[in-house]
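Shown next, in structure tokens, is the structure this report addresses.
Readers should treat all values here as calculations from the given coordinates under stated rules, not as data from a laboratory. In this text the structure is predicted, and so the values were computed from the model without any measurement. Because the Cβ atoms are built from the backbone with ideal geometry, glycine has one as well, and the counts that use them run over all protein chains shown.
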Amino acid sequence: MAEAELAEGAACATQVEGRPIVVARSGGQVFALDDLCTHSGARLSQGRIAKGVAACPLHGARFDLSTGACLSLAMGLPGVVAHETRVADGRITVALSDRPVTAPVV
Ligand code: FES
């Protein structure tokens with residue numbers, strides 16, 4: 001996707017090799033996570049992006065955009081898979097992790 005299409009604090013749902021991915025910008029950096037909350041499968045691309053964190057739109061679980069770790073420790077959720085991003089020549093590219101999608105717990 002074009003870098004100019006992704007404003008600060010924005011999230012974009014896309015697919016890479018058929019895998020749903022959310023690409024988001026926070027603090028000027030571009031991140032990519034699996035677009036599937038590990039609680040009950042809501043799309044993180046529909047949630048809020050701020051301060052390096054993606055918040056699930058359904059029950060509010062928070063995930064670190066750089067690592068995918070769940071920051072809502074009381075919920076006891078596994079993290080989502082984070083993917084490498086690269087910005088070059090005005091384009092954002094995502095390199096998929098080898099890790100499989102983390103299935104939602106509920
Ligand atoms: S589905 Fe994301 S917190 Fe419940």
Legend entry - Subset tally (residues that are among the charged types (D, E, K, R) and under 11 Å from Phe31 (Cβ atoms)) for region 76-90: 1
Inset, instruction - Give the residues of region 4-49 that are surrounded by fewer than 16 Cβ atoms within 10 Å (Cβ to Cβ), within 16 Å of the ligand (Cβ to nearest atom) and assigned to a loop (DSSP other than H, G, I, E, B), sorted by residue number. - result: Ser40, Gly41
Inset, instruction - Would you mind telling me which numbered condition in (1) at positive phi; (2) away from the ligand (no atom under 12 Å from the Cβ); (3) surrounded by fewer than 16 Cβ atoms within 10 Å (Cβ to Cβ) Ser66 fails? - result: (1)
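Identify all residues within region 81-106 that are among the aliphatic types (A, V, I, L, M) and part of a loop (DSSP other than H, G, I, E, B); write none if there are none.
Step one: filter region 81-106 for residues among the aliphatic types (A, V, I, L, M), giving 81-82, 87-88, 92, 94-96, 101, 103, 105-106.
Within region 81-106, Val81, Leu96, Val101, Ala103, Val105, Val106 qualify.
Which of the residues spanning region 1-52 are of a type in the set (D, E, K, R) and over 15 Å from Ala69 (Cα atoms)? Spell out how you get there, then give the answer.
Just the residues of region 1-52 that are of a type in the set (D, E, K, R), to begin with: 3, 5, 8, 17, 19, 25, 34-35, 43, 48, 51.
Of everything in region 1-52, those that are of a type in the set (D, E, K, R) and over 15 Å from Ala69 (Cα atoms) turn out to be Glu3, Glu5, Glu8, Glu17, Arg19, Arg25, Arg43, Arg48.
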